[in-house]
Amino acid sequence: MAEAPNRDNTRVLNDVQINNALGAFLVFFGLVVLASIFFTDTGIGKLTNLGAGVIIGGIGAAMMYKAYRLRGRR
């Protein structure tokens, strides 16, 4: 019976690491997409890059926030 909490802690730690790594990647990728606004010629292209960068970065930030909350609960 003593193994169950240990497995649960291991699973939570694994989830934290995965969410943190994927979140950091998505935030970085969102910033790259936002930086591409300056190299786009058309207005619709700039708006598209803005929307995509904000959405991708927001998803990554939410994943990192979720990892932060899970880490505190462990």
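Data table
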quantity	calculated
Criterion: among the acidic types (D, E), surrounded by 13 or more Cβ atoms within 10 Å (Cβ to Cβ) and not in a loop (DSSP other than H, G, I, E, B) - qualifying residue of D15, D8	D15
Some residue of the stretch 35-42 being of a type in the set (D, E, K, R) and in a helix (DSSP H, G or I)	no
Test: residue in the stretch 61-74 that is of a type in the set (G, A, S), part of a helix (DSSP H, G or I) and in contact with an Asp or Glu (Cβ under 8 Å, 6 or more places away or on another chain)	yes
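Values in this text are rule-based calculations from the coordinates and carry no lab data. Nothing here was measured: the structure is a model prediction, and the numbers come from that model. No Cβ is skipped: glycine too gets one built from the backbone with ideal geometry, and neighbour counts run over all protein chains shown.
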